[in-house]
């Protein structure tokens, strides 16, 4: 039901309402939604106990006009957004009920956060707003993502996502600049971007994720649009590449006479906790007990926002996902049981260590 | 203006029944048992989700339904396997009341379910709904729980092709608007108030279900309406707006078959009620035509609306329920 409620970034209202209804049914405290519509519920522990946040982003990359109907097979759930991150949101909504059904009393507070505006232009807007304005101190955090199974992230890469748009003006003088449409000029920009040196250490990459341009076979393209991402283990490298891209755009615009626009969509700063951090070791221990093979790597999710606020955090994956972020997205059902068990297990372990969490 | 009064008191929107805690409490106070029946034939694509949603929301979270049963006409796909894996009771219609034989048809499954299921209320929900939601059950059961005089609750849906003002068309399907509503207007004007008389989702009290006959094919819904109306009147009915229902769209040719079956059942009923007299034997063959190149081809489809008697007349049923 969570997954069938569309929640494109900035338009998550219905999903938040559904989440808050579930929190209400579970009897959580301080159920509310804030100015950017994050859905919040609080499970209090003993007085003075530390607070662990469990967060899942509610938004998906799919527009409301796309059918969100799910289909179910013996071991698969298929539907848009199911892996990223409707499953995470659904588990977040169910966790308070599961804790109650298992009669688990935690020696800490748990702050359940359904965060909005995470993806694309949302740029982690929900979690950033919440952490910038939080009245409740958060000591540690667990972020939930539908997939992949065994995901264990505790570092965040430096990242910048941008969009470059080329527009050929109506009064463009083709006789002066040559018969080139927007696609050719954008191609020029892309070639130059690939010439920017990318060090192998710190590891750095430039990804061209989406390219759109023109309308038909025989008309010169009037517009072209590139979406790309730069990521690196070093903030300075990302900043350097961003600066170089800015210069390339200025140069191509000056030489070609077309209009070029650069829009910085989102960014993350590099950071994280060490492999030896007790939170990471706790997660690894629980995963080992459940025979879950940890897949360690950096993350671009809410983790980055927690890290930026010096809150130790991890991201955990709940099941095996396939074709994530496509119209054929699907997740496997059986691993979800272990995926949820690992979250409960980590909460129980943190509860045992509650004296050391602050 | 009985229709206006009835629409005022017996037409609902599912959102009026949002308080499931109260609904369950009222159900328990009346000591009612509710069974959900999903008739199937090759529905492997949608059946799993229906079972999961109804079981998790209306059995585990809110104990409104006491049993979920899939009654199948002989699927060749994995319908029963999937339904069973998600926790439904599954039955092949032919295995229920074996002495009565087996006929292939949705009405047969609905009729057999009366014997097999144990609820005081049986809710029938089709298996081909892709946007399934608990409201498909709660919206139908609630009027029976809250209004003791209500016996039979029908679903209706929005079909917003396009409308810009506050008024929507009645929302019937093509067969409803072209065949059923004109027939009702001629013979049973009060029944025109039912927005979608042919919808496959309804909840009914057992004491009504076992008193009415069941055509096994397309005519089951229209026969029910006429039988319940003539026995108990318009106020035995209620209807609930369940918003959108997304399902397979049927080809016009298939709707022709459906209309043929419905018309047969309607003629049977009106003749039994002495409202019309059919002086000669009517044909059971539907003739449809198609052009293949320059040839006109004729398809002859035999559609016989066989009928099962009221369940109360079956000995094994009376014995099982001590009647």
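A short reminder: the numbers here are calculations on the coordinates, not readings from a lab. Bear in mind the structure is a predicted one, so any value in this text is a computation, not a measurement. Note: ideal-geometry Cβ built from the backbone for every residue, glycine included; neighbour counts use all protein chains shown.
Between rounded, prolate and oblate, where does segment B:241-313 land on the alpha carbon gyration tensor, with a ≥ b ≥ c its root eigenvalues, rounded for a/c under 1.5, else prolate if a/b exceeds b/c? Don't jump to the answer; show the numbers that get you there.
Details: a/c = 2.48, a/b = 1.25, b/c = 1.99.
Because a/c hits 1.5 or more and a/b fails to exceed b/c, segment B:241-313 counts as oblate.
Equivalent-ellipsoid semi-axes for chain A (Cα gyration tensor, √(5λ), whole Å, largest first): 41, 22, 18. Binning the alpha carbon pair distances of segment B:46-148 at 5 angstrom intervals from zero yields the distribution 2, 12, 22, 24, 21, 11, 6, 1, 0, expressed in whole percent. Modelled this way, with points 7 Å down the Cα-to-C-beta line, the labels at residue B:98 and residue A:233 are 7.1 nm from one another. Note that segment A:143-254, at 37 °C in a medium of 0.692 mPa s, gets a Stokes-Einstein diffusion coefficient of 204 µm²/s from its Kirkwood radius over C-alpha pairs.
Give the average over all directions of the projected area of the C-alpha convex hull of chain B, one decimal, in nm².
Details: hull surface 76.2 nm².
Result: a mean projected hull area of 19.1 nm².
The mean number of Cβ atoms from other chains found within 10 Å of a Cβ in peptide B:44-52 is 4, as a whole number. Averaged over peptide A:69-76, the number of partner chain Cβ atoms lying within 10 Å of each residue's Cβ comes to 6.
For chain B, the relative contact order works out to 20 percent when only alpha carbon pairs closer than 8 Å and six or more residues apart are counted. Largest GNM mean-square fluctuation across A:348, A:99, A:247, computed for chain A with C-alpha springs under 10 Å, falls on A:247. One Cα centroid belongs to segment A:127-142, the other to segment B:222-294; the line between them spans 61 Å.
Compactness ratio for segment A:5-112: Cα radius of gyration over 2.2 N^0.38 Å (N = residue count) comes to 1.15. Contact order, relative form, for segment B:92-159: 19 percent (alpha carbon pairs under 8 Å, 6 or more residues apart, mean separation divided by residue count). Placing one equal scatterer on every Cα of the protein assembly as shown and applying the Debye formula, the log10 ratio I(q)/I(0) at q = 0.06, 0.08, 0.10 Å⁻¹ is -0.47, -0.77, -1.02. Here the Kirkwood formula puts the hydrodynamic radius of segment A:1-62 at 12.7 Å, using every distinct Cα pair.
Sort segment B:234-273 into rounded, prolate or oblate with this rule: let a ≥ b ≥ c be the square roots of the eigenvalues of the Cα gyration tensor; rounded if a/c is under 1.5, and if a/c is not under 1.5, prolate when a/b is larger than b/c, oblate otherwise. Kindly include the intermediate steps, with their values, before the conclusion.
Numbers: a/c = 6.10, a/b = 1.11, b/c = 5.49.
Because a/c hits 1.5 or more and a/b fails to exceed b/c, segment B:234-273 counts as oblate.
Per the Kirkwood formula on distinct C-alpha pairs, the Rh of segment A:231-299 is how many angstrom? Show your work: numbers first, answer last.
Working: mean 1/r = 0.0630 Å⁻¹.
By the Kirkwood definition, the hydrodynamic radius is 15.9 Å.
Across B:299, B:109, B:268, mean-square fluctuation computed from a Gaussian network of chain B (C-alpha pairs under 10 Å connected) peaks at B:299. Centre-to-centre, using Cα atoms only, segment B:34-93 and segment A:277-291 are separated by 39 Å. Once the mean of 1/r is taken over each pair of separate Cα atoms and inverted, segment A:78-129 shows a Kirkwood hydrodynamic radius of 12.9 Å. From most to least packed by mean Cβ count within 10 Å, the peptides B:283-291, B:64-72, A:180-188 give B:64-72, A:180-188, B:283-291.
As an exercise, use a Förster radius of 56 Å and the Cβ-Cβ distance of residue B:319 and residue A:212 to find the FRET efficiency, rounded to the nearest 0.05. Each step should come with its number before you reach the end.
Details: r = 71 Å, r/R0 = 1.27.
Using R0 = 56 Å, I get an efficiency of 0.20.
Annotation: Cα Rg of segment B:174-273 relative to the compact-globule expectation 2.2 N^0.38 Å equals 1.06.
Taking the helices alone, chain A has a mean residue ellipticity at 222 nm of -10000 deg cm²/dmol, built from -39,500 (n - 2.57) per DSSP H run of at least 4 residues and averaged over all its residues. Here segment A:307-356 was treated as a single set of alpha-carbon atoms; its pair distances binned every 10 Å from 0 give 22, 34, 29, 13, 2 percent. Binning the alpha carbon pair distances of segment B:66-213 at 5 angstrom intervals from zero yields the distribution 2, 8, 15, 18, 20, 16, 12, 7, 3, 1, 0, 0, expressed in whole percent.
Taking only the C-alpha atoms of segment B:170-229, the Rg (one decimal) and the largest Cα-Cα distance, Dmax (whole number), read 11.5, 32 Å. Once C-alpha pairs closer than 8 Å and six or more residues apart are averaged by separation and normalised to the residue number of segment B:18-89, the relative contact order reads 41 percent. Structure remark: mean-square fluctuation, Gaussian network model of chain B, C-alpha springs under 10 Å; the largest value among B:188, B:54, B:266 belongs to B:188. Principal-axis analysis of the Cα atoms of chain A puts helix A:182-195 at an angle of about 60° to the longest axis. The base-10 log of I(q)/I(0) for segment A:180-339, evaluated at q = 0.13, 0.15 Å⁻¹, reads -0.84, -0.99 [Debye formula, identical scatterers on Cα atoms, solvent excluded]. Which angle between 0 and 90 degrees, to the nearest 10, do you get for helix A:13-25 versus the longest principal axis of chain A when only C-alpha atoms count? Between the helix axis and the principal axis of chain A, the angle is about 10 degrees.
For chain B, what is the mean residue ellipticity at 222 nm derived from helices alone (per DSSP H run of n ≥ 4: -39500 (n - 2.57); sum divided by total residues; nearest 500 deg cm²/dmol)? All intermediate terms of the calculation are to be shown ahead of the outcome.
Values: 11 runs with 112 residues, N = 323.
Mean residue ellipticity, 222 nm, calculated: -10000 deg cm²/dmol.
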